[in-house]
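Okay, so here's the structure we're looking at.
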Amino acid sequence: MNIILFGPPGAGKGTQAHRLVHDFGMVQLSTGDILRQAVKEGTEVGKIAGELMKAGKLIPDDLMIRILGERLDKPDTKNGVIFDGFPRTKPQVEALDKLLAERHSKLDCVIEIKVDENALVKRIVGRYVCSKCGAGYHDEFKRPHKEGVCDICGSTEFKRRPDDNEEAVRARLVEYHEKTAPILPVYEARGIVAYVDGMLPMGNVATKIAEILKEKGAKPISA
Ligand code: AMP
């Protein structure tokens, strides 16, 4: 099953994708993660992407489409993928259709995580993760039980994304409204969009998404 998690930055796409990997054994394809890795490794792609990402701007379509095609060629994607952060523009929508068709596959479902945008800046600017295990925290909403120590792995090192500051978040929201939000009607016209309330507690959002996927035939790992 191929699904897209759709919504503005801070809607919780990455968090929910992690849950689906855990609960359904699906593969998460986060283009943001791929780019961050490229920046870290200092590759050619990383050099192009780094500054744009820091400024909250989208990376050019041709580059993103090439990256996605290469990722879809890896064998772990054969049984389906959760697209987290792709597509973000109309040309990327067309490219995804083509890339999947070439691989005898198709998109099954788009899940829009609906959020109150006033909450987003606060959500994003306060978030950070454990450098070791990736567990997510928030300055205001979810501090570790013991200050400065990861609840999961005990590490004392944490990191924040360089584009999780207020200025970059506002730029990311502008990009979202101009280029990404307009692609939702394309999928709505195909009748494949389901909606969840992203303002509910994280666990409830996960339950709703799981219900949608089970209705479509996805099987949880424990079942
Ligand atoms: P994300 O982790 O999904 O929030 O993405 C972080 C940043 O990576 C975005 O603000 C963009 O600069 C870049 N990016 C990720 N995915 C895409 C995409 N599909 N198209 C263009 N830029 C992207």
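The values are calculated or read from the model by the stated rules, or taken from the named source; none is laboratory data. These figures come from a predicted structure and were not determined experimentally. No Cβ is skipped: glycine too gets one built from the backbone with ideal geometry, and neighbour counts run over all protein chains shown.
In table form, for the structure just shown:
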| item | result |
| --- | --- |
| Condition check for VAL39: modelled with pLDDT of 95 or more, within 30 Å of ASP139 (Cβ to Cβ) and within 11 Å of the ligand (Cβ to nearest atom) | yes |
| Number of positions in region 141-169 that are among the small types (Gly, Ala, Ser) and not in a loop (DSSP other than H, G, I, E, B) | 1 |
| Residue within region 172-190 that is within 16 Å of the ligand (Cβ to nearest atom), part of a helix (DSSP H, G or I), of a type in the set (S, T, N, Q) and in contact (Cβ under 8 Å) with a residue 40 or more places away in the chain present | yes |
| Residue within region 116-128 that is polar (S, T, N, Q), away from the ligand (no atom under 16 Å from the Cβ) and either exposed (fewer than 15 other Cβ atoms within 10 Å of the Cβ) or part of a helix (DSSP H, G or I) (or both) present | yes |
| Matching residues in region 73-82 - criterion: being in contact (Cβ under 8 Å) with a residue 40 or more places away in the chain and either farther than 21 Å from GLY12 by Cα or within 9 Å of the ligand (Cβ to nearest atom) (or both) | ASP76, THR77, ASN79 |
| Number of the exception - ASP61 against (1) more than 24 Å from VAL115 (Cβ to Cβ); (2) more than 8 Å from the ligand (Cβ to nearest atom); (3) out of contact with any strand residue (DSSP E or B) (no Cβ under 8 Å at 6 or more places or on another chain); (4) not basic (Lys, Arg) | (2) |
| Candidate set from region 46-76 (those that are among the β-branched types (Val, Ile, Thr) and in contact with a Leu (Cβ under 7 Å, 6 or more places away or on another chain)); member that is modelled with the lowest pLDDT | ILE48 |
| Cβ-Cβ under 8 Å pairs, at least 6 apart or on other chains, region 84-97 side more than 13 Å from LYS13 (Cα to Cα) and within 11 Å of the ligand (Cβ to nearest atom), far side at pLDDT below 95 and basic (Lys, Arg) | none |
| Residue among GLY25, GLY85, GLY80 that is touching a Ser or Thr at 6+ places or on another chain (Cβ under 9 Å) and at pLDDT below 95 | GLY80 |
| Per-region count, region 122-136, residues closer than 17 Å to GLY12 by Cβ and over 17 Å from the mean Cα position of the chain (by Cα) | 2 |
